[in-house]
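Novice: Just dropping this structure here.
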Amino acid sequence: MKKLNSLLIVFILLACCMQIKSQQVQISKEQLVALTPAWKGERFADGRPKVPDNILKRMKSVSVEEAWAVMKNAGYAYQVAEGWMQINPDSVLTGRAVTATFMPARPDVWGAIDTAGKKMGKRGQNTWAVDLLVKGDVYVADQFGAHRNGPTIGDNVGNAIYAKTGNGIVYDGALRDVEGLKEIGSFTSYYTSYDPSYHNPPGDLNTMIVGINQPTRIRTVTVMPGDIVLGKMGVVTFIPPHLAEKVVKTSEIVRLRDMFGHQRLREGTYTAGQIDTRWTDAIEKDFSKWLNDHINELPVPKEQVQEYLKERTW
């Protein structure tokens, strides 16, 4: 009951994100920790879950289907966002989410947020969340699909994002300077549209930031700061941090079993019916021996294969 009351208080606080103090645009560490109780590992100083770098590296080889299956089985049915324009569509985007939420501007609220920000030395609301980025992050922004006079990212901000993270973005809104962004090279990005205009031109307030590292919405997905972004095959998958290692390990096991099964089918050792159903103990033993025999040749780190073998009873 106490835990329920604590979470209720957190949600009430989050609902007040339109208060005028700019520091209240960004979620507090206590609120963020309360909203991500399933994560038991390391965190950044602000409370954001910090999934290890080696998991991020291994995540690049995970298929969308493998990630989806693990999350669906864990009760996370709406973690895939579709319908994107892309920069570097043949590359894979992985990293830890830093979230930003924008809303259509209204002068009184925009002015209150901006004034408070200036007192803290902040200028240009479109860069407030960008300033927090570190290596391995992905900037994830709900720009409410804003198009004309909506872009908050062009080649200058894009270069700043890439310099800080080594990554691209997931951006539900219009980008400008797309040609310049493509010149960055490894700026693998997902965005909604392109428009040459820019946000908040003189006399025309279009957008304002109302949330930094708070829960945000990207398409039909609720995205939390610290979620692992996996962008490939034209879609973006958001993996809760506490499921990231399970997604990676499951993917690696599936990959190894597929390699073994395909090889044995080509050799004529087993029939398709034997491989495409639950394996017998004899096939499982053969698979364990195959792993040992090819441990230095497999597309999965040797230490991970060894760990997997230790858990097997064949």
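Novice: Is there a residue in the stretch 221-239 that is acidic (Asp, Glu) and surrounded by fewer than 17 Cβ atoms within 10 Å (Cβ to Cβ)?
Specialist: no
Novice: So, one more: What pairs come up if the first residue lies in the stretch 32-51 and is touching a residue at least 24 places away in the same chain (Cβ under 8 Å) and of a type in the set (Asp, Glu), the second is buried (at least 19 other Cβ atoms within 10 Å of the Cβ) and assigned to a loop (DSSP other than H, G, I, E, B), and their beta carbons are under 9 Å apart, counting only those six or more places apart or on different chains?
Specialist: ASP46/ILE27; ASP46/ASN213; ASP46/PRO225
Yes or no, residue by residue, for (1) of a type in the set (Asp, Glu); (2) surrounded by 11 or more Cβ atoms within 10 Å (Cβ to Cβ); (3) touching a residue at least 24 places away in the same chain (Cβ under 8 Å):
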residue	(1), (2), (3)
TYR270	no, yes, no
ALA282	no, yes, no
PHE287	no, yes, yes
ILE295	no, yes, no
VAL300	no, yes, yes
GLU303	yes, no, no
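Novice: Then there is this: Of these, GLU245, GLU311, which one is closer than 22 Å to LYS60 by Cβ, acidic (Asp, Glu) and out of contact with any Gly (no Cβ under 6 Å at 6 or more places or on another chain)? Steps first, please.
Specialist: On the way: GLU311 fails: closer than 22 Å to LYS60 by Cβ.
That would be GLU245, the only listed residue that is closer than 22 Å to LYS60 by Cβ, acidic (Asp, Glu) and out of contact with any Gly (no Cβ under 6 Å at 6 or more places or on another chain).
Novice: Are any residues in the stretch 256-285 in a loop (DSSP other than H, G, I, E, B) and touching a helix residue (DSSP H, G or I) at 6+ places or on another chain (Cβ under 9 Å), and if so, which ones?
Specialist: Passing the criteria: THR269, TYR270, THR271, ASP276, TRP279, THR280.
Novice: If you don't mind, another one. If you check every pair at least six apart or on different chains, which have Cβ atoms under 7 Å apart with a residue in the stretch 187-199 that is within 8 Å of PRO151 (Cβ to Cβ) first and a residue that is part of a strand (DSSP E or B) second?
Specialist: Final answer for the pair search is ASP195/ALA174; HIS199/THR207.
Novice: Also, quick follow-up: Residues being at pLDDT 95 or above, in a helix (DSSP H, G or I), buried (at least 18 other Cβ atoms within 10 Å of the Cβ) and not hydrophobic (A, V, I, L, M, F, W, C): count how many of those fall in the stretch 1-36.
Specialist: Count: 1.
Novice: Let me ask something else about it. Every residue in the stretch 123-144 that is of a type in the set (D, E, K, R) and surrounded by fewer than 18 Cβ atoms within 10 Å (Cβ to Cβ), please.
Specialist: ARG123, ASP131, LYS135
Novice: Could you tell me which of the residues ASN149, ASN156 is within 21 Å of ALA97 (Cα to Cα) and surrounded by fewer than 18 Cβ atoms within 10 Å (Cβ to Cβ)?
Specialist: Values: ASN149 fails: within 21 Å of ALA97 (Cα to Cα).
The conditions single out ASN156.
Novice: Mind checking whether some residue in the stretch 233-248 is over 24 Å from SER189 (Cβ atoms) and over 15 Å from the mean Cα position of the chain (by Cα)?
Specialist: Within the stretch 233-248, one or more residues are over 24 Å from SER189 (Cβ atoms) and over 15 Å from the mean Cα position of the chain (by Cα).
Novice: Something else now. On the given criteria, is VAL248 in the same structural domain as PRO37 (by TED's automatic domain parsing) and under 27 Å from LEU32 (Cβ atoms)?
Specialist: No; evaluated as a whole, the condition is false for this residue.
Novice: Hey, could you check the stretch 169-200 for residues that are farther than 15 Å from VAL130 by Cβ and small (Gly, Ala, Ser) and say which is surrounded by the most Cβ atoms within 10 Å (Cβ to Cβ)?
Specialist: Within the stretch 169-200, the match that is surrounded by the most Cβ atoms within 10 Å (Cβ to Cβ) is ALA174.
The values are calculated or read from the model by the stated rules, or taken from the named source; none is laboratory data. None of the values given here were measured: they were computed from a predicted structure. We place every Cβ from the backbone using ideal geometry, glycine too, and count neighbours over all the protein chains shown.
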